[in-house]
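Enquirer: I am attaching a structure below and will ask some questions about it afterwards.
The values are calculated or read from the model by the stated rules, or taken from the named source; none is laboratory data. The shown structure was predicted, so the numbers you read here are calculated from the model rather than taken from an experiment. Counting neighbours? That spans all protein chains shown, and the Cβs are built from the backbone with ideal geometry, glycine included.
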Amino acid sequence: MSGFDWPALMQAGLVGLRLKPDEFWALSPAELRLMLGQGGAAPALTRKGLDALLAAYPDKKEEREDG
């Protein structure tokens, strides 16, 4: 069981919001919740959170062909 009430979500997206099926399925659950007025503000990014993101996704230095 996924935890999502797919029939209700599809009803809300396809009928309530008048989304096309491809538009509905392209949304993330967070985007759909936001469009339905159920999304709250995300918590502020803390220094600890930023450090975790930097460790997980470090900047890559691009190699230049001209030197």
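Enquirer: Checking L50 against (1) surrounded by 11 or more Cβ atoms within 10 Å (Cβ to Cβ); (2) part of a helix (DSSP H, G or I): exactly one of these is not met. Which one?
Expert: (1)
Enquirer: In the range 9-44, which residues are without any contact (Cβ under 8 Å) to a residue 12 or more places away in the chain, aliphatic (A, V, I, L, M) and surrounded by 10 or more Cβ atoms within 10 Å (Cβ to Cβ)?
Expert: Correct list: L14, L19, A26, A30, L34.
Enquirer: State whether the residues of the range 53-60 include one that is among the basic types (K, R), loosely packed, with under 10 Cβ neighbours inside 10 Å and modelled with pLDDT under 95.
Expert: Among the residues of the range 53-60, at least one is among the basic types (K, R), loosely packed, with under 10 Cβ neighbours inside 10 Å and modelled with pLDDT under 95, which makes the answer yes.
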